[in-house]
Every structure is written in C-alpha cells, then in structure tokens.
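Read-outs: derived from the displayed coordinates by stated rules, not from any lab. Since the model is a prediction, treat every value here as computed from it, not as a measurement. FYI the Cβ positions are ideal-geometry reconstructions off the backbone, even for glycines, and counts take in every protein chain you see.
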Amino acid sequence: MNNRKVTLAAAAAGVLTGAAGLSLLAMPAGAGQPPSLPNIAPETLVEQVLTSKPGAFGGTVEVDNKLGLPSIAEIPQLADGKHSARIWTDGNGKLRLALPNGQSEQTIVDDGTTTWSWNSQDNEVTKSEHKDGRKDEAKPDNAMDPATAAKEIVSKTKEFSDISVDGTARVANRAAYELVLTPKAGEKTLVREVRIAVDSELKMPLRVAVLTNGTAEPVGQVGFSQINVGPQDSKLFEFTPPSGAKVTTPEAKEEQQRHKPEIGIEQALRGENPQIFGTGWDTVVGARIPADAMTQVPAEAQGLVDRFTKKVSGNWGSGKLFTTKVATILIADDGRVVAGAVPEQVLFDTIGQVK
C-alpha cells in the first residue's frame, strides 16, 4: 500500500472499523427458501458464536459495502461496492487468504509458525515469525472471517443489546439461524441492529450484516457465498517466496517508514493502547496525532482529507468531521482524534477528554 497517498484517509477508515468493533461488514443474502429448523434460544446461539471453533474448510467470502467510504486505488476493499476473497484453513491454526486487488493479488499464508504476506504487484514478501509460539492477533483474516468478526461483535456488545432469534436463512447453501443484536434503548449509536447467520450444524457464523438507523438494507455485510467443509490440500498452507521477491520483516518495514509523517498519524490512530471512552455501542476511541505529523502531512494526502471531510467547530475547538453510515471520525486541528459508531454530537461531547 502506498502510505503517502492514503495517509489519514486510510487511517480514518481503519479507525471506523476498530472504534465500532464491527470491521467492514457486508454480504449478499443467501438464495433459496428459509430452512425449517427447530426452535433455539438466543442465549444458545450467543454461546455458539463465542465458543465455536471451526474445523477445516475452504470458501469464498464476499463483502458488500454501502458505508459511504471514499474510493482510493490503493485500498479498493474499503470502498463502496462488492469485493471477494478466498480463504482456506486446516482447522488447527493454519490459514491461507487470497485478496484480489485489480490486476494484482495479496496472498497471506500462516503455516503455523510463520505468517507470510506477498504482494504480487511489487513482489515484496513480509515474513512474521510467531513470537513465543503465538501469532499476531491483528492479522488481516479477522476482517475477512465472518466467524471472527461475529465473535468480536458479540463479545463487545451482548450486555448492551436486546438479543433475539429472527427466523432462519440459507447462506452458501447451508441452513442457519438468524441471531439479532439490537442496541438497548438509550444507547447512542448509529447502528440499528446486527444480524448474524449461525450455521445450524457447524455452529459457526456464516454471515454478519449491519443495519443502521434510517436504512432498510444492510450498509455492510461479510459472509460466505461458497464453502467447502472438510480437509484442505496441505500444500495450501506452505509458502516459498517467489524468485526475485524482496523479503522483509514487519519491524524492518516499520523502521524504514517510521520517519514519514503519515506513518506517525496512522500509528497514533491505530495504537496498541488507544484511549477508550464509554462502553458498548457508545464506545468512542480517542488518540492524539503527533504535532510534527500534523504539520508535515503531504499535500496530496491533505487533499484527500479535505475532500472527504467537512469543517466543524464547537467549545472543544475546530477541526474536520469524516462520516459514514456506520461510524464517525472527528479530527481536531490540534491533533486530537475521536471515532465511534455514534452521532457526531457524541464525539463533540467526548473530544475534550482526549489527553
């Protein structure tokens, strides 16, 4: 990804997903008549979402965004529209992802001890060995795997939601229950409800859809359009860097770029210890962008920010507001940033607390 071109716009999109705890959720509804299944308690489905450990499978995950995010060439998966990816797992931690990007593709392979990421466009490989036998939990499969996305949403919002089962659905030609989480009265959020299709046999989430206030259709969904359950070819979980590929590590890549002002901005917004305000659906994430980064943003990056934000002000100061249908970001002129799946007034009321 060309960070100099993306800068705040990419970081903003990342914060939108993290602040809401929703990732970029979207996917088309399954075809066919809803299946007839025995009644099941909402609490049972919630437990299945939180404890399910999917076995081996391969499949196609489709994403359909209607979030109102800008179209940026370097990160097409964030823009409105339909996107797809292929995913394979052995059920024991090994994984392969294929993420198309125009004429190129990003391939991610976790072989159990090392995570490899190869970008075919620049023929560069990032090699990340698991520390202490554990892999990085911030891996990109979290956003593309419906089971992981659903578990994150349910764990963060279940105590702040009214939970119900709204019939059944057919997803990737599999029978599923529709689990619905609706923010409790008084929750200040843009989200109206989240619907999770849970496989009746495998007990794993197959699809997640987010609906917001004032919309009849999901603004975002992620889920399987095709899934093949069972052992996968073991060679899928092996990776050898292509001939001539440049191999680097995440640490080396960060060191190469850490003096760029836009990298400082993105790190501030995606930091390991962001400032958290509120709970549940009202949660707001805060950060402070380094002063030197604020004054050294490249002109083309600043142009992107100006294009997709509006100027706002209040007793907290002045700044720029970036909005989508599911979340909002407020960037103050002094470097303070707040974001969440909340109306803009919540951010105006919160930004004064950012340190």
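Other residues with beta-carbon under 13 Å from the beta-carbon of K156 carry, at +1 per Lys or Arg and -1 per Asp or Glu, a net charge of -2.
What ranking, highest mean first, results for peptides 342-351, 238-247, 281-290 when packing means the other Cβ atoms within 10 Å averaged over each residue?
On the way: 342-351: 19.4, 238-247: 11.7, 281-290: 21.4.
Put in order of decreasing packing, that is 281-290, 342-351, 238-247.
Greater than 27 Å separation of Cα atoms is the criterion. Which listed pairs, K158/K325; K82/K184; K82/K158; K82/K235; K94/K158, meet it?
Details: K158/K325 22 Å; K82/K184 31 Å; K82/K158 29 Å; K82/K235 29 Å; K94/K158 29 Å.
As for pairs spanning more than 27 Å Cα to Cα, those are K82/K184; K82/K158; K82/K235; K94/K158.
Could you compute the net charge surrounding T212? Neighbours are other residues with a C-beta less than 11 Å from the C-beta of T212; K and R count +1, D and E count -1. Value of the local net charge: +1.
Counting only other residues whose beta carbon sits under 13 Å from that of K235, what net charge do I get with K and R as +1, D and E as -1? Provide the component values of the computation, followed by the final result.
Numbers: positive: K94, R96; negative: D90, D111, D233, E238.
Neighbour charge sum, excluding K235 itself: -2.
Take S104, S200 and order them by how many other Cβ atoms sit within 10 Å, fewest up front. Don't skip to the end; give the middle numbers.
Numbers: S104 12, S200 18.
Sorted ascending by nearby Cβ count, the order is S104, S200.
Using 0.36 nm per residue and subtracting the Cα-Cα separation, the extra length available between K311 and S155 on full extension is 52.7 nm. Computed from the Cβ-Cβ distance with R0 of 25 Å, the FRET efficiency linking D333 to T279 stands at 0.30.
Peptides 179-188, 308-317 ranked from most to least packed by the mean count of surrounding Cβ atoms within 10 Å: 179-188, 308-317.
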